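The values are calculated or read from the model by the stated rules, or taken from the named source; none is laboratory data. This structure is a prediction, so every number in the text was calculated from the model and none was measured. All Cβ positions, glycine included, derive from the backbone under ideal geometry; neighbour counts span all protein chains shown. All accessible areas refer to the heavy atoms of the entire protein, side chains included, with ligands and DNA or RNA removed. Shrake-Rupley method; radii C 1.70, N 1.55, O 1.52, S 1.80 Å.
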Amino acid sequence: MIHNDKASSYSYDKYKDFTLSLAIVDAVPVILFSITCSVIGSVFNNILFSLGAILTILGGMCKVLWKVLLATIHKDVRFLNRPLFIVLMPAGFALMLISFVIKRQGADWNNISSAIFSFPAVIFFALGILGLCAMTIFFKKHDKTDVKNNWTEQLTNCFAQAMILVGVIIACY
């Protein structure tokens, strides 16, 4: 039996319009990011990068699980949304960045930059970066409890992650 105290009922009320379909769409960018990290990891082959990717993916999965629980059992399990998501995502990205800095000496940056800035990969990377910029604006401006804002954010994130994945596939193969 789920214990629904007054505080968790109040916090759930803010998200009562969140649906299971929103939670499923929220999983799509996490899946796309996971595939992107797998492709990069297969070429880059660095344990620190892999650990960072895992932390970032776990952060995304926490957010998805939070939305699934909102939609299915109508309970706001807050630690999945803010503390875990907000800690795991940046920590993971930081580890991935550190792995690139550490491994930079052994990398052939001329080939890497040529691949990234080659046509058509550069178009996909640019579109992905534009999507991520929009996500940053949404993060600062949007009401997190508004379901329409969440749909906008998730569809934008799906687009950004798909564009980056295509860019990475083109650049790596």
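Out of the residues in region 19-37 that are part of a helix (DSSP H, G or I) and over 14 Å from the mean Cα position of the chain (by Cα), which is surrounded by the most Cβ atoms within 10 Å (Cβ to Cβ)? Per the criteria, the residue is Leu22. Listed by first and then second residue, the pairs linking a residue in region 62-88 that is over 13 Å from Phe18 (Cβ atoms) to a residue that is surrounded by 19 or more Cβ atoms within 10 Å (Cβ to Cβ) and among the small types (Gly, Ala, Ser), with Cβ atoms under 9 Å apart and 6 or more places separating them unless they lie on different chains, are Leu84/Gly59; Phe85/Gly59; Phe85/Gly60; Ile86/Gly59; Val87/Gly59; Leu88/Gly59; Leu88/Gly60. Where helices (runs of 4 or more DSSP H) fall entirely within region 69-173, those with at least 2 residues that are open to solvent by 70 Å² or more (accessible area, probe 1.4 Å) and either touching a Gly at 6+ places or on another chain (Cβ under 9 Å) or at pLDDT 95 or above (or both) are at 85-103, 121-141, 147-172. I'm told Met61 meets every condition in (1) surrounded by fewer than 16 Cβ atoms within 10 Å (Cβ to Cβ); (2) assigned to a helix (DSSP H, G or I) except one. Can you identify the failing condition by its number? Looking at each condition in turn, Met61 falls short on (1). Considered as a group, the residues in region 24-46 that are modelled with pLDDT of 95 or more and in contact with a Ser or Thr (Cβ under 8 Å, 6 or more places away or on another chain) include one that is nearest to Ile129 (Cα to Cα), and that residue is Phe33.
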